[in-house]
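Structure, as structure tokens:
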């Protein structure tokens, strides 16, 4: 009996070209429909449209050091020979790192650069520069700026940026579903009893793991003899 299968040996490059052409002809290389998912579940997904910040980060002027929030102009002229004294809670407002700056202030004096000379008064010997030791509003992210472009695979760091920018949900392409059908009358499912001549069917799980690693959703079918 003459053998009629596996007689033609195709070079890998030709086989790949034919395979790619088949995918393109059937539209299987085009992105699928989009869906919205919570940001926390978007790791590894691909954005279907640009993502823009909803809020700024920080969304207020924040102290970057522990110390006193001041109006920089009130400190001008301070020096070793001519120290300046500031009234606590009036000209110098105690703040911890991350606190919002009180209205009318535009700088922070580190507590190490101040000296309490008497109750309610601190003394400084060098002036503050406007906005020193301050995380200004929008320093990291400005509301409405693009955080991610379309077609971007979401990374762990992107999750933090999206959440910091007030984004709760993101539009991503649906995961492609890849059906895997193992074939052969000699293969048996993993865990099934083995007899001489039988082979454990492992290729489908290996291929499915590749599909999952590449962002798809593997679907396993029963063995076809």
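The values are calculated or read from the model by the stated rules, or taken from the named source; none is laboratory data. The structure displayed is predicted, hence computed values, not measured ones. FYI the Cβ positions are ideal-geometry reconstructions off the backbone, even for glycines, and counts take in every protein chain you see.
Can you tell me which residue is surrounded by the most Cβ atoms within 10 Å (Cβ to Cβ) among those in segment 6-42 that are touching a strand residue (DSSP E or B) at 6+ places or on another chain (Cβ under 9 Å) and under 30 Å from residue 140 (Cα atoms)? Give the derivation first.
Restricting attention to segment 6-42, the residues satisfying the condition of being touching a strand residue (DSSP E or B) at 6+ places or on another chain (Cβ under 9 Å) are 31-39, 42.
Of the ones still in play, those that are also under 30 Å from residue 140 (Cα atoms) are 34-39, 42.
On the way: 34: 14, 35: 14, 36: 11, 37: 15, 38: 9, 39: 19, 42: 23.
Checked segment 6-42; the qualifying residue surrounded by the most Cβ atoms within 10 Å (Cβ to Cβ) is 42.
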(message) Give me the strands (runs of 3 or more DSSP E) completely within segment 92-173, filtered to those with at least 2 residues that are at pLDDT below 95, ordered by residue number.
(response) 115-118
(request) Could you check residue 2 against (1) modelled with pLDDT of 95 or more; (2) part of a loop (DSSP other than H, G, I, E, B) and say which number it fails? (result) (1)
(message) Checking residue 121 against (1) loosely packed, with under 14 Cβ neighbours inside 10 Å; (2) without any contact (Cβ under 8 Å) to a residue 40 or more places away in the chain; (3) within 30 Å of residue 89 (Cβ to Cβ): exactly one of these is not met. Which one?
(response) (1)
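Of everything in segment 190-201, what is part of a loop (DSSP other than H, G, I, E, B) and surrounded by fewer than 12 Cβ atoms within 10 Å (Cβ to Cβ)? Give them in sequence order. Break it down into steps so the answer makes sense when it comes.
If we filter segment 190-201 for residues that are part of a loop (DSSP other than H, G, I, E, B), which is where we start, we get 190-198, 201.
If the condition is that a residue be part of a loop (DSSP other than H, G, I, E, B) and surrounded by fewer than 12 Cβ atoms within 10 Å (Cβ to Cβ), then 190, 191, 193, 194, 195, 196, 197 are the ones that fit.
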